[in-house]
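*Asks:* Supplied in structure tokens, the structure appears directly below.
The values are calculated or read from the model by the stated rules, or taken from the named source; none is laboratory data. Bear in mind that the values here come from a model prediction, so they are computed numbers and not experimental data. Virtual Cβ from ideal backbone geometry, glycine too; neighbours counted across all protein chains shown. Accessible surface areas use protein heavy atoms only, side chains included; no ligands, DNA or RNA. Shrake-Rupley method; radii C 1.70, N 1.55, O 1.52, S 1.80 Å.
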Amino acid sequence: QVQLAESGGGLVQDGGSLRLSCAASESISGFNAMGWFRQVPGNQREVVAYIRSSGNTYYADSVKGRFTISRDNAKNLVDLQMNSLGPGDTGVYYCAATYSVWNSGYWGQGTQVTVSS
């Protein structure tokens, strides 16, 4: 099965930017959707953004206009460009891939993003 590896997390100041990258161990072209999720302690994992094989994208209201998801099927990469970061963006970010629904999809180990105020 596909392995997903996230990178690019870290500590950034309020208003800063980070770019997360998700590298897949095999072709992602067959997945219906690739996405990024965020989880903070005590809360459920929530969707941040996803991109379908058609190229259509979805963004959570809280990140619209600040985050951009992109997908490179040739390189098996999914990136998340995050701008104008705020403390509310802090959490562990997970990359995911699915053929149908997220619950039956594949998940990376996560990368920590911390935004300091």
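*Asks:* What is the residue count in the range 1-49 for residues that are aromatic (Phe, Trp, Tyr) and within 17 Å of THR111 (Cα to Cα)?
*Replies:* Here the count works out to 2.
*Asks:* Give LEU85, LEU18, LEU80 a once-over and let me know the one that is of a type in the set (A, V, I, L, M, F, W, C) and open to solvent by 20 Å² or more (accessible area, probe 1.4 Å).
*Replies:* LEU18
*Asks:* When the range 88-106 is examined, which residues are found to be surrounded by fewer than 16 Cβ atoms within 10 Å (Cβ to Cβ) and either without any contact (Cβ under 8 Å) to a residue 24 or more places away in the chain or closer than 17 Å to ARG38 by Cα (or both)?
*Replies:* GLY88, VAL101, ASN103, SER104
*Asks:* Follow-up question, since we're still on this one. Within the range 107-117, count every residue that is under 13 Å from the mean Cα position of the chain (by Cα) and surrounded by 15 or more Cβ atoms within 10 Å (Cβ to Cβ). Lay out the reasoning, then the answer.
*Replies:* Step one: list which residues in the range 107-117 are under 13 Å from the mean Cα position of the chain (by Cα), which gives 107-113.
Filter again for surrounded by 15 or more Cβ atoms within 10 Å (Cβ to Cβ), leaving 107-108, 110-111, 113.
Qualifying residue count for the region: 5.
*Asks:* From (1) at pLDDT 95 or above; (2) on the phi < 0 side of the Ramachandran plot; (3) not aromatic (Phe, Trp, Tyr), pick out the condition that doesn't hold for ASN76.
*Replies:* Unmet for ASN76, out of (1) at pLDDT 95 or above; (2) on the phi < 0 side of the Ramachandran plot; (3) not aromatic (Phe, Trp, Tyr): (2).
*Asks:* Please indicate, with yes or no, whether at least one residue in the range 22-40 is under 24 Å from SER117 (Cα atoms), polar (S, T, N, Q) and assigned to a loop (DSSP other than H, G, I, E, B).
*Replies:* Checking the range 22-40: not a single residue is under 24 Å from SER117 (Cα atoms), polar (S, T, N, Q) and assigned to a loop (DSSP other than H, G, I, E, B).
*Asks:* OK, next. Out of the residues in the range 25-58 that are under 16 Å from GLY91 (Cβ atoms) and open to solvent by less than 40 Å² (accessible area, probe 1.4 Å), which is nearest to the chain's Cα centre (by Cα)?
*Replies:* By that ranking, first place goes to TRP36.
*Asks:* A further question on this structure: Is it the case that SER70 is assigned to a loop (DSSP other than H, G, I, E, B) and open to solvent by 40 Å² or more (accessible area, probe 1.4 Å)?
*Replies:* no
*Asks:* Moving on to the next point. Only residues that are hydrophobic (A, V, I, L, M, F, W, C) and either in contact with a helix residue (DSSP H, G or I) (Cβ under 9 Å, 6 or more places away or on another chain) or surrounded by fewer than 19 Cβ atoms within 10 Å (Cβ to Cβ) (or both): list them for the range 1-15, please.
*Replies:* VAL2, ALA5, LEU11, VAL12
*Asks:* Quick test for you: out of ASP79, ASP89, ASP61, ASP72, pick the one residue that is more than 11 Å from the chain's Cα centre (by Cα), acidic (Asp, Glu) and closer than 18 Å to GLY16 by Cβ. First the steps, then the outcome.
*Replies:* Values: ASP79 fails: more than 11 Å from the chain's Cα centre (by Cα); ASP61 fails: closer than 18 Å to GLY16 by Cβ; ASP72 fails: closer than 18 Å to GLY16 by Cβ.
Answer to the selection: ASP89.
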